[in-house]
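The values are calculated or read from the model by the stated rules, or taken from the named source; none is laboratory data. All values derive from a computational prediction rather than experimental measurement. Quick reminder, even Gly has a Cβ in these numbers, built from the backbone with ideal geometry, and neighbours come from all protein chains shown.
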Amino acid sequence: MLTGVTSNTKNNYQLGAGLVCTDYADGVISGIIGATRGGGSFTAVPTIRQPEVDGLPDNAKDFKIIDFWVATLTTTIFEATETSIKLALAGGSASTSASVTTITATQGIVPTASYADLWWVGDTSDGNKIAIKLSNALGSNGFNFNFVDRGEGTFELQAIAHYSVDALSTPPFTIYLDKTTSPASAVELSSIAPADGSTGVAATVVLTFNNAISTENVFITLASDGSIVAGTKAWDSTRKILTFTPTTAFTAAKYYVNIVSVVDIYGQSLANTITDFTVA
């Protein structure tokens, strides 16, 4: 069966909702706008035309002209802060007296200071980042605050990138595939509990790796007959700690932990390893 999956696929997909911030440089994120809900989207749509010429059919190669681009970032803001609200209001002003911050919208010509670069930054499966910069972004759909019974208030943020007057031929957005991150070291099994060769009582088996793991085939077998122990595996949020919980509690016997086909997010493989422990 034909497929587009290759050996590099595991390194090139995006993970999670990412975040919206005001600056991203050399892998450093700053000015996080706030928590979001339900992810979001980025669109970059060109306005394309073709000159009307007698005898020239529509969609003729080499006759297309891109007049301009409209680049839009849309997300739902969960965290109502001065920064996120002012962004939705296309600027505005804020003043704080004692513990109260007052935010007011503007009208008329939008001040230059209201335009600001906006970034979306997300993780990729190889431990790197993908980043999208909207130059001179400005909120475009107002402040639509939704509040519900037994729920939390949110508002949609839609920001549009704007051309600079001194660079009208430069589209106001840039996409970066940031591959600067590299593994600190070769993938290793940092620890395992129960420890190799130990005897005692065990409710679970916990493996800790030094790098985040992409794929693995870890399983437990009985030393006596090689049968596989049924159970469930769960990763922590860092994908560095794997916990195996048996469906039925371990009984008094010797067990093998088969650590097979472990590959970290950088594509590095761990040599297949077998440890053992005994439940008394």
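Quick rundown of the values:
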read-out: Checklist (1) closer than 30 Å to Ser7 by Cα; (2) without any contact (Cβ under 8 Å) to a residue 40 or more places away in the chain; (3) not in a strand (DSSP E or B) applied to Asn211, failing item; value: (2)
read-out: Tally of residues being more than 29 Å from Asp67 (Cα to Cα), free of Cβ contacts under 8 Å to residues at least 12 places away in the same chain and among the aliphatic types (A, V, I, L, M) across the stretch 18-56; value: 2
read-out: Qualifying positions in the stretch 138-185 - at pLDDT 90 or above, closer than 30 Å to Ile213 by Cα and of a type in the set (A, V, I, L, M); value: Ile175, Leu177
read-out: Any hit, the stretch 77-92, residues being touching a Lys or Arg at 6+ places or on another chain (Cβ under 6 Å), of a type in the set (Gly, Ala, Ser) and closer than 23 Å to Ser114 by Cβ; value: yes
read-out: The one condition in (1) within 17 Å of Thr174 (Cα to Cα); (2) β-branched (Val, Ile, Thr); (3) surrounded by fewer than 16 Cβ atoms within 10 Å (Cβ to Cβ) that Thr22 fails to fulfil; value: (3)
read-out: Enumeration of residues in the stretch 87-126 that are closer than 27 Å to Gly27 by Cα and assigned to a strand (DSSP E or B); value: Ala116, Asp117, Leu118, Trp119, Trp120, Val121, Gly122, Asp123, Thr124
read-out: Identity of the residue in the stretch 257-273, in contact (Cβ under 8 Å) with a residue 60 or more places away in the chain, assigned to a loop (DSSP other than H, G, I, E, B) and of a type in the set (A, V, I, L, M, F, W, C), that ends up surrounded by the fewest Cβ atoms within 10 Å (Cβ to Cβ); value: Leu270
read-out: Subset of the stretch 214-245 that is in a strand (DSSP E or B) and among the hydroxyl-bearing types (Ser, Thr, Tyr) - its residue that is modelled with the lowest pLDDT; value: Ser214
read-out: Matching option when the condition is among the hydrophobic types (A, V, I, L, M, F, W, C) and within 29 Å of Lys133 (Cα to Cα), among Ala195, Ala186, Ala167; value: Ala167
read-out: Candidates Ile175, Ile213 - the one that is buried (at least 18 other Cβ atoms within 10 Å of the Cβ), under 21 Å from the mean Cα position of the chain (by Cα) and among the β-branched types (Val, Ile, Thr); value: Ile213
read-out: Residue in the stretch 251-259 that is of a type in the set (Lys, Arg) and over 17 Å from Gly127 (Cβ atoms) present; value: yes
read-out: Number of positions in the stretch 1-19 that are surrounded by 10 or more Cβ atoms within 10 Å (Cβ to Cβ) and not in a loop (DSSP other than H, G, I, E, B); value: 8
read-out: Within the stretch 246-256, tally of residues that are farther than 15 Å from Ser224 by Cβ and either in contact (Cβ under 8 Å) with a residue 60 or more places away in the chain or not in a strand (DSSP E or B) (or both); value: 3
read-out: Options Phe68, Phe63: the member that is more than 22 Å from Ala167 (Cα to Cα), among the aromatic types (Phe, Trp, Tyr) and in contact (Cβ under 8 Å) with a residue 12 or more places away in the chain; value: Phe63
